[in-house]
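K.L.:
Take a look at this one; I'll ask things after.
The values are calculated or read from the model by the stated rules, or taken from the named source; none is laboratory data. Please read all numbers here as calculations on a predicted model, not as lab measurements. Here Cβ is always computed from backbone atoms with ideal geometry, including for glycine, and neighbour counts include all displayed protein chains. Side chains included, ligands, DNA and RNA excluded: accessible areas come from the protein's heavy atoms. Shrake-Rupley method; radii C 1.70, N 1.55, O 1.52, S 1.80 Å.
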Amino acid sequence: MRSVAYVREPPYPETPPMRTAKIARKTNETEISVSINLDGTGAHNMATGIGFFDHMLDQLSRHSLIDMDVSCNGDLHIDFHHTAEDVGIALGEAIRQALGDKKGIRRYASCDLPMDGTLTRAALDVSGRPFLVFRAEFSRDKVGEMDTELFREFFQAFAMNAGITLHIENFYTDNNHHLAESMFKAVARALRDAVEIDPRAADRVPSTKGVL
């Protein structure tokens, strides 16, 4: 009897690259580890030592569908500033690293996010040109135990280190908790759309320059 060998015919489907990143950052003020998966399901584990901040980061992960694991041991006995800013730095670095050459992403996205009596917009461009426009005013100094001025500090650090242009604008609000939460949810939804692979242009960098 003759033996017959069966051979798969090329071309074989390519396995898409893993869009993941891990960042470890240690200073005299904070020690942070971050891991993300851009193509996840929104699984998350947050441990910054600031309850309300963890709640906001939960929203960022869940609504972007980006898996996030964030751990921070910071100098909370001084205040929360270093923790909020440095988590933004590390998370932004992880996003930039996971995006790689940005080939195939949609790049631009925006979201108008209603939350009861609050409406907030986030618009972003994964451009490689970091910039933040932040137009939101809180009527209280704190939400939970977190200083409301630190939300801008977080988004500033995040945008600068992720290499994105980010605009956040609140149109109106009747609740400080909802204002903060609507910002994180709107950014999450816009981020989800912007980093998603566009099947019609999966092999191209979305720029006439050919690089982002």
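K.L.:
Taking residue 142 and the conditions (1) under 20 Å from residue 55 (Cβ atoms); (2) crowded, with 21+ Cβ neighbours inside 10 Å, which numbered condition does it fall short on, given that it satisfies the others?
P.N.:
The number of the failed condition is (2).
K.L.:
How many residues, within the stretch 162-180, are part of a helix (DSSP H, G or I) and either among the aliphatic types (A, V, I, L, M) or more than 16 Å from residue 137 (Cβ to Cβ) (or both)?
P.N.:
Number satisfying all stated conditions: 3.
K.L.:
For residue 34, state whether it is assigned to a strand (DSSP E or B), of a type in the set (A, V, I, L, M, F, W, C), at pLDDT 95 or above and touching a His at 6+ places or on another chain (Cβ under 9 Å).
P.N.:
Considered against the rule, which asks whether it is assigned to a strand (DSSP E or B), of a type in the set (A, V, I, L, M, F, W, C), at pLDDT 95 or above and touching a His at 6+ places or on another chain (Cβ under 9 Å), residue 34 comes out as no.
K.L.:
Residue 152 - would you say it is farther than 17 Å from residue 65 by Cα, open to solvent by 50 Å² or more (accessible area, probe 1.4 Å) and not in a helix (DSSP H, G or I)?
P.N.:
Considered against the rule, which asks whether it is farther than 17 Å from residue 65 by Cα, open to solvent by 50 Å² or more (accessible area, probe 1.4 Å) and not in a helix (DSSP H, G or I), residue 152 comes out as no.
K.L.:
Something else about it: Tell me, which strands (runs of 3 or more DSSP E) lie completely within the stretch 42-135 with 2 or more residues that are out of contact with any Cys (no Cβ under 9 Å at 6 or more places or on another chain) and either open to solvent by less than 30 Å² (accessible area, probe 1.4 Å) or of a type in the set (Val, Ile, Thr) (or both)?
P.N.:
So the answer is 67-74, 108-115, 118-125, 131-135.
K.L.:
Out of curiosity, is residue 159 open to solvent by less than 40 Å² (accessible area, probe 1.4 Å), in a loop (DSSP other than H, G, I, E, B) and touching a residue at least 60 places away in the same chain (Cβ under 8 Å)?
P.N.:
no
K.L.:
Further, regarding this structure: May I ask you to verify whether residue 81 is more than 16 Å from residue 26 (Cα to Cα) and in contact with a strand residue (DSSP E or B) (Cβ under 9 Å, 6 or more places away or on another chain)?
P.N.:
In short, no.
K.L.:
What do you reckon, is residue 126 among the β-branched types (Val, Ile, Thr) and under 25 Å from residue 42 (Cβ atoms)?
P.N.:
yes
To keep it simple, each residue is scored yes or no on (1) small (Gly, Ala, Ser); (2) out of contact with any Phe, Trp or Tyr (no Cβ under 7 Å at 6 or more places or on another chain); (3) within 25 Å of residue 103 (Cβ to Cβ).
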residue	(1), (2), (3)
129	no, yes, yes
138	no, yes, no
155	no, no, no
164	no, yes, yes
176	no, no, no
